Amino acid sequence: MRARSHRVAGSALTLAALAAQGCSMARLESMVGVRAAVAGEAVVRRADGAQTVLRPQACLSGDRANFRGVDLLSPPYVLRVAADPLEGLGVAVIATDGGERLVFRASSCAVLTGDVQRTGWRVNDVRDVSGYFEVDCRLPSGEGLIGKVTFEHCH
């Protein structure tokens, strides 16, 4: 177990060092031969009627944060899609500044379908995932989320 944690820490340090040198995620992906792809959008509807369109530009495997799923990056937000073995799929909209956080579960949704599958690939001990989600949800407080996003080779 200790050797694995050292490998994970070493991999994180290597990625941080490459990023500090100006090496982009696209460059890292080309080095390992696997390219991530994200398509689609989701619209966050506020209780006051304001809307924010999220078009994810990149994705990260949930392995990085110890959950089965994916983080879809749409600055200044992250769409987190998590596959819970007991409750099923859930989607969260998380502000990267630590502010807003909306969590959508099946009970607040007319539509919440999707799939997060491990592809069998590993990049620096991080399991690569692909899948999709489609959502049409509204919380009792009035906030909502609607959209569809697909993702491939998120690591």
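Taken over the stretch 30-82, the residue count meeting the criterion of being among the basic types (K, R) and more than 15 Å from Y132 (Cα to Cα) is 4. For the residues T96, T52, the requirement of being surrounded by 11 or more Cβ atoms within 10 Å (Cβ to Cβ), farther than 21 Å from Q117 by Cα, at pLDDT 95 or above and among the polar types (S, T, N, Q) singles out T52. Looking across the stretch 27-42, the residues that are within 18 Å of V91 (Cβ to Cβ) and either surrounded by 13 or more Cβ atoms within 10 Å (Cβ to Cβ) or at pLDDT below 95 (or both) come down to V38, G40, E41, A42.
May I ask you to list the residues in the stretch 55-89 that are acidic (D, E) and exposed (fewer than 14 other Cβ atoms within 10 Å of the Cβ)? Scanning the stretch 55-89 gives D84, E87.
The values are calculated or read from the model by the stated rules, or taken from the named source; none is laboratory data. Computed from a predicted model, the values in this text were never measured in an experiment. A quick note on method: Cβ atoms are made from the backbone with ideal geometry, for glycine too, and the neighbour counts reach across all protein chains shown.
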